[in-house]
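No value in this document is a laboratory result; all are computed from the given coordinates. Note that the coordinates shown come from a computational prediction; the quantities given were computed from them, not determined experimentally. Cβ sites come from the backbone with ideal geometry, for glycine too, and all protein chains shown count toward neighbours.
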């Protein structure tokens, strides 16, 4: 009996050990599966994170903001779900939703990258077009308007537009296309408005062209008898000497700060237009190196001045002014005189040797019509 009992106890122990072994194996397999499942979302999360990083680098947050925001939201949902599952007992964790959110986030991020590339390319093209347009407009300004006596408002518009153009170009070259587009748009508005206002002022000034053309013809005819005459072209900033119908000398000239228009009164800093003559040659009796005094105001100037005072366009206390000269000390590169014509001292030496008292001086706005100056430029 004892042996039978012993045998039964041994069998019970054996079965117990087998059961315990099976339980241990089962638990080990369960733990291994749980650990394996616990790590499974990592790859999906990593792929989504990399797709978002790529999209951000491609400026998807700017060019495809809605898609990029949706991708970020899906990624955040994946992370929240992952965190929530990790808080549960490992045997009950399920990462299917985590993987689903991560995969959707990756898809939206990829989509936002594609859209961003397309829109960035389109923005780049628009900025290129605007920068080319700005270059043309700024070139027109340099060619036609930079020497005009514009108002402070017009100058401020141009200068701000020019500065914004430079900033837009820097942003464009740095591939910051949205910033470049924003600055370029503002620059186009400012430069266009500045050019339009300056262009309108130029058109109004050229309403006097028929008179200028007639005076230029008279100057050339007056020189055909062998006499020397002086022709001043204010728009071209040139003083020319004609003899026998041929231009023999040409000098750069600077004028009054408000040279664009006829001189009306003392202190308006305008250079007069019309037919004058040299009344005095000043070799030493001038602070401007050498000077040739002309007979401003002439009879036409006085008659216009009296008419403007009678009409009330000029104050009764206004004086017509005088002492308009062709003198030295020029070459400053800007219009700076009170209404005189300034030449470089070396040019003044040449002119002084060519002319005498009573030499005629014709001062006009331009020798050539506006259509020839502007060509196919429209403003």
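Counting other beta carbons within 10 Å of each residue's own, what order do 251, 89 fall into, fewest first? Walk me through the intermediate numbers first.
On the way: 251 21, 89 7.
Least to most surrounded, the residues fall as 89, 251.
If each of residue 80 and residue 334 carries a label point 7 Å out from its Cα toward its Cβ, how far apart are those two points in nm?
6.4
Output the direction-averaged projected area (hull surface divided by four) of the convex hull of the alpha-carbon atoms of the range 52-165, in nm².
Details: hull surface 40.3 nm².
Quarter of the Cα hull surface area: 10.1 nm².
Tell me, what is the FRET efficiency for residue 47 and residue 118 to the nearest 0.05, using R0 = 35 angstrom and their Cβ-Cβ distance as r?
The formula returns an efficiency of 0.95 here.
Calculate how steeply helix 65-86 sits against the longest principal axis of the alpha-carbon atoms of the chain, using the helix alpha-carbon long axis, and give the answer as 0 to 90 degrees to the nearest 10.
So the inclination is approximately 20 degrees.
What FRET efficiency comes out for the pair residue 69/residue 125, r = Cβ-Cβ distance, R0 = 41 Å, nearest 0.05? Don't skip to the answer; put the middle values down first.
On the way: r = 25 Å, r/R0 = 0.62.
Between residue 69 and residue 125 the formula returns 0.95.
When all C-alpha to C-alpha distances in the range 108-218 are sorted into bins of 10 Å, what percent of pairs does each bin hold, rounded to whole numbers?
14, 33, 23, 15, 9, 4, 1, 0
Can you quote the Å³ per residue value for the convex hull of the Cα atoms in the chain, rounded to an integer?
Spread over its residues, the Cα hull of the chain gives 225 Å³ apiece.
What is the helix-to-structure angle for 345-354, meaning the angle in degrees between its Cα long axis and the longest Cα principal axis of the chain, kept from 0 to 90 and rounded to the nearest 10?
30
Going by C-beta contacts inside 10 Å, put 174, 112 in order with the fewest on the left. Write down the numbers at each step before the final one.
Values: 174 10, 112 29.
The fewest-first ordering by Cβ neighbours comes to 174, 112.
Can you give the angle from 0 to 90° between the axis of helix 177-205 and the longest principal axis of the chain, with both taken from C-alpha atoms, to the nearest 10?
10
Please order 98, 286, 279, 271 by the number of other Cβ within 10 Å, starting at the fewest. Working shown, then result.
Values: 98 24, 286 17, 279 13, 271 28.
Listed from fewest to most nearby Cβ atoms, that is 279, 286, 98, 271.
Could you compute Rg(Cα) / (2.2 N^0.38 Å) for the range 208-374, with N its residue count? Intermediate values should be presented prior to the final figure.
Working: Rg = 15.4 Å, N = 167, 2.2 N^0.38 = 15.4 Å.
That works out to 1.00 for the range 208-374.
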